[in-house]
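Read through the structure below, which is laid out as structure tokens, and then see the notes.
None of the figures in this text is laboratory data; all of them are computed from the coordinates on show. In this text, all values refer to a predicted model and were calculated from it rather than measured experimentally. All Cβ positions, even for glycine, are placed from backbone atoms using ideal geometry, and neighbour counts span all protein chains on display.
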Amino acid sequence: MSTVTPVSTSTSRKKVTTLTFRQKKERGEPITMLTAYDYPTAMAMDRAGIDSILVGDSLAMVVLGYENTLPVTMEEMLHHARAVARGAKSALLVGDMPFMSYQVSAEEALRNAGRFLQQGGMDAVKLEGGRERADAVRAIVGAGIPVMGHIGLTPQSVHQLGGFRAQGKTASAAKRLLEDAKILEGAGAFSLVLESVPARLAEVISKQISIPTIGIGAGVGCDGQVLVTHDLLGLFDRFTPKFVKQYANFHAEMNKAFTEYVDDVETKRFPAVEHTVEMRDEEWNAFQEEIK
Ligand code: KIV
């Protein structure tokens, strides 16, 4: 492996919990959250001081290459959750419940939520939907598992919503979202993702509920922010939502590195002497004698 440049590390951070989330909201301190799906990314985020890591079902699109989030399974989510849990020790880890792992019944929702903690090393789960998910949220919270809600643009309902489009843009839709937020709070959710909703609606919701809101495309009035890491890093080049701030262009960087590698191998510039294992002359001579 090549030499690496030292990175900034905040060592021995205290474990972030759902209580930390609530305290940060009370103190008006923004909560930071990003998605991760593997060990090195989770480790880099944890060292950067992130409050929470979501093993999002966006895995389906940005890592596995599916058109939407619907095909990803519990087994795939758990596989990636375990990798993230091995890399991040301080951040609050949230496992995203995949499509059809919680919709059929509250019992099935509870069983699958439990798997995220027992088999995936997660601290909490997230599920999409408003009032129609209240029973599932109550069942999971009743078993001592923290639940993060997710309303607004809920990608698992892409077909019902008619595409990945902003939500809550009419007075009645906004009122319904505010009601959903209150219902999820009442059902025991510890936090709520607001995705792709008008900023002033997100601000009102954030003020009217006591649990922290985590916005994605929902403006600065939320109690925290989350982004899909592959969007932030410029790793997913199919499309970038308007609300994403891209901090790097890793796709271009990877492309450059791979092109250089191909060229180096084809022109025999790689491997060079410094990448090559040597053998003492006397051993080499003895070997030559052996094979004569
Ligand atoms: O799956 C995911 O990455 C998410 C975020 C967009 C919040 O649900």
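Return the only residue of G186, G217 being on the phi > 0 side of the Ramachandran plot and of a type outside the set (S, T, N, Q).
Every option except G217 fails the conditions.
Considering only residues of the range 231-269 that are in a helix (DSSP H, G or I) and among the polar types (S, T, N, Q), which is surrounded by the fewest Cβ atoms within 10 Å (Cβ to Cβ)?
Only one residue fits best here, namely T259.
Which of the residues that make up the range 183-230 are part of a loop (DSSP other than H, G, I, E, B) and among the basic types (K, R)?
The answer is none; no residue qualifies.
What are the pairs with Cβ atoms under 7 angstrom where one residue, in the range 106-126, is more than 13 Å from D96 (Cα to Cα) and the other, located anywhere, is within 16 Å of the ligand (Cβ to nearest atom) and not hydrophobic (A, V, I, L, M, F, W, C)? Sequence gap at least six, or different chains.
Taking only residues 6 or more apart or on different chains, the pairs are E108/Y102.
I need the full set of residues from the range 178-195 which are closer than 18 Å to A218 by Cα and surrounded by fewer than 23 Cβ atoms within 10 Å (Cβ to Cβ), in order please.
L178, E179, D180, K182
Assess whether E75 counts as being over 21 Å from A113 (Cβ atoms) and either more than 14 Å from the ligand (Cβ to nearest atom) or touching a residue at least 40 places away in the same chain (Cβ under 8 Å) (or both).
Taking the combined requirement at face value, the residue does not satisfy it.
Taking the range 131-141 only, how many residues are touching a helix residue (DSSP H, G or I) at 6+ places or on another chain (Cβ under 8 Å) and either surrounded by fewer than 22 Cβ atoms within 10 Å (Cβ to Cβ) or on the phi > 0 side of the Ramachandran plot (or both)?
Residues that pass the stated criteria total 5.
Which residues, counting only those in the range 178-230, are more than 15 Å from the ligand (Cβ to nearest atom) and polar (S, T, N, Q)?
S206, Q208, S210
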